[in-house]
Amino acid sequence: MMKNLIACCLVVLVACASIDAAEQPSGDTQDFYLLLSGLLNVNQDEYVFIDSSGKTAVDELKMFKALEQIYITNIEPDLNDNSFSVERLKLVMFFAFYAEQRNASAFQEYLAADLMPIYLGNKNTFVKILKELPFLTAANCARLNAYFGHEGMNEDKKPDFIKTNKALFQQTLESTQYSQCMTFF
């Protein structure tokens, strides 16, 4: 798991380094840029203030609100058939990773309710993304599992979910990913 995280961070750092500092990203690129910046604690200049003692600090609330707006915008389907594009699905799944790594309880709560319906409408693509980006596995499986029992609901649906979806996970994911994911259920 740690190897995957380190490899992911290296890829992200290389990707962020290639963005021209004078040219601000826009659209989906801006969304990924802000999310990665929040994860890595870099490029947060627009969220910085000087406190009463003269120290520079990050305005966590302002940054949270920016990330929350990205989340709200991207939690809805973007394709005509009420499904998610691969790019949007990756962004939502990366939010689960962000929430886990940063211990962002608000996003963990949002995803406990929001991720399961997204998964159910995009099963094959969702699991293929997990295979493609294995560092997302633990966070997303944990958030899928959090749906069962979230706010005291859906606990009884867990056995059916496992029975119905186990084969897809087993057929698509590498054996270590499959085992890792199933430990959350």
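Observations
- Solvent-accessible area, 1.4 Å probe, carbon plus sulfur percent, for the range 60-152: 47 percent
- Centre separation in Å (Cα based) which lies between the range 111-144 and the range 160-174: 12 Å
- Surface accessible to a 1.4 Å probe, per residue, for the residues of the range 30-73, Å²: 58 Å²
- Area accessible to solvent at Glu76, 1.4 Å probe radius, in Å²: 110 Å²
The values are calculated or read from the model by the stated rules, or taken from the named source; none is laboratory data. Owing to the predicted nature of the structure, the values given are computational and were not obtained by experimental measurement. These accessible areas exclude ligands, DNA and RNA; they are computed on the full protein's heavy atoms, side chains included. Shrake-Rupley method; radii C 1.70, N 1.55, O 1.52, S 1.80 Å.
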